[in-house]
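A.B. asks: My structure is below; once you've seen it, I'll send some questions.
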């Protein structure tokens, strides 16, 4: 005869096992799908299989690469993870935090192996919060954090 | 349950004091070098998120105690913390969206952090629905406790989502362990710490009031049932 205590222990055991199985499942199977963006290096390595597919590339807007076409909302810039640079074209509104040397996630397609055309641009904020009068330290720190997160 | 009655007023007063002090500091906080004034949203968003996770932790522990010891008190605590946690989760998602639109350029992104937090809200709501979906309140409480314990897998997923996967959401600014470091400069950090304490007190206060209300309702239900049986 199973005592009441044993029954409760069995129930708890089952619940914990099911929970553990769920975690294991998430960690092993969904890892690929849970990644929100590719790094520029990955995106270039997989250019062939990703061509014509809508993808997201995350990195840093290369300092000095941003070119605005005057009179339009068209821009061109390089997105980089410090090893690979990808030329990106975009036309439209930009988020407040979009600027050179800061994080960005571009969503769009490879037009050719040399050019990525973005349909959406999202700014990626680093985990650093710094007051205005310490801006220089802030810029350096957030660059460092961002490149670290792309490793 | 007598202790709840005793702590309610002092906790309420302390909550008000720390909340007012914290909010006053937030209005005097310097602008962030990138976000400007929008950095103030941080002071609602981060403490809310912490309290949402803390509430679920309370629900989990209370559910284990309820299944193990058949403790009615633990069940009342679980039910109370579920409502409070749902409110903080909704607050986290709403404040995050309001920050995300101007800063990221989008209200929502299906990245691991945002999605796992939405799962937490669905879990809280699911627990609230499940409890009252069974006719027998004892069975309802037990089923709710089991779902709560299974759902606890979402807690480590939320916490580590920004570390395990690349997300649009930024990694933790305050972290211990291998990647230890404080990424929030001093003048911006103090109000956050004070508001985190204020939100903890607020959570305690809200859970206390809710637990007392649930207990009173259960006592009334029991009286009602007894009276109906007496009439028969």
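Each reported figure results from applying straightforward, stated rules to the coordinates on display, with no laboratory input. These numbers were taken from a predicted model, which means no experiment stands behind them. Positions of Cβ are backbone-derived with ideal geometry, glycine not excepted, and every protein chain shown enters the neighbour counts.
A.B. asks: Once every DSSP H run of n ≥ 4 in chain B is given -39500 (n - 2.57) and the sum is divided by its residues, what mean residue ellipticity at 222 nm do you get, rounded to the nearest 500 deg cm²/dmol?
C.D. replies: -27000 deg cm²/dmol
A.B. asks: Something else: Evaluated at 20 °C with a viscosity of 1.002 mPa s, what Stokes-Einstein diffusion coefficient in µm²/s does chain B have when Rh comes from the Kirkwood expression over alpha-carbon pairs?
C.D. replies: 111 µm²/s
A.B. asks: Moving on to the next point. Report the relative contact order of chain B, percent, no decimals, based on alpha-carbon pairs under 8 angstrom and at least 6 residues apart.
C.D. replies: The normalised contact order for chain B reaches 31 percent.
A.B. asks: Can you give the convex hull volume per residue for the Cα atoms of segment A:36-123, as a whole number of Å³?
C.D. replies: That works out to 85 Å³ per residue.
A.B. asks: Assign one of three labels to chain A, namely rounded, prolate or oblate, based on the Cα gyration tensor with a ≥ b ≥ c the square roots of its eigenvalues; rounded applies when a/c is under 1.5, prolate when it is not and a/b is larger than b/c, and oblate otherwise.
C.D. replies: Prolate is the answer for chain A, as a/c is 1.5 or above and a/b outweighs b/c.
A.B. asks: Further question: Jot down the per residue volume, in cubic angstrom and as a whole number, of the convex hull over the alpha-carbon atoms of segment B:71-187.
C.D. replies: Spread over its residues, the Cα hull of segment B:71-187 gives 141 Å³ apiece.
A.B. asks: Take peptide A:11-19, look around each residue's Cβ out to 10 angstrom, count Cβ atoms belonging to other protein chains, and average those counts.
C.D. replies: 4
A.B. asks: I would also like to ask the following. What list do you get for B:3, A:139, A:121 if you sort them by fewest beta carbons within 10 Å?
C.D. replies: In order of increasing Cβ crowding within 10 Å: B:3, A:139, A:121.
A.B. asks: Which value in nm describes the separation of the simple spin-label points at residue A:66 and residue B:229, placed 7 Å from the Cα toward the beta carbon?
C.D. replies: Label at residue A:66, label at residue B:229, 7.3 nm between them.
A.B. asks: Compute the Cα gyration tensor for segment B:25-119, then decide on rounded, prolate or oblate, letting a ≥ b ≥ c be the square roots of its eigenvalues: rounded whenever a/c is under 1.5, prolate when a/b is larger than b/c in the other cases, and oblate in all that remain.
C.D. replies: prolate
A.B. asks: Can you tell me the order of B:25-38, B:95-108, B:46-59 when each peptide is scored by its average per-residue count of other Cβ atoms within 10 angstrom, highest first?
C.D. replies: B:46-59, B:95-108, B:25-38
A.B. asks: Assuming 0.36 nm per residue, please report the length gained on full extension of the stretch residue A:14 to residue A:82 beyond their Cα-Cα distance.
C.D. replies: Contour length minus the Cα-Cα distance gives 19.7 nm.
A.B. asks: Rg and Dmax of segment B:1-57, using alpha carbons, in Å: what are they?
C.D. replies: 15.4, 50
A.B. asks: Normalised by the number of residues in segment B:98-232, what is the relative contact order in percent for Cα pairs under 8 Å and 6+ residues apart?
C.D. replies: Taking the mean separation of contacting Cα pairs over the length of segment B:98-232, I get 17 percent.
A.B. asks: Can you give the average number of partner chain beta-carbon atoms within 10 Å of each beta-carbon in peptide A:133-139, as a whole number?
C.D. replies: The per-residue average across the peptide is 3.
A.B. asks: What does the structure give for A:116-129 when I average, per residue, the other chain Cβ atoms found within 10 Å of the residue Cβ?
C.D. replies: 6
A.B. asks: In percent, how large is the relative contact order of segment A:36-123, given Cα pairs closer than 8 Å and 6 or more residues apart?
C.D. replies: 31 percent
A.B. asks: Here is a further query. If I take the Cα coordinates of the protein assembly as shown and project them onto the principal axes, what are the three extents in Å, biggest first?
C.D. replies: Projected onto the principal axes, the Cα atoms of the protein assembly as shown cover 85, 51, 39 Å.
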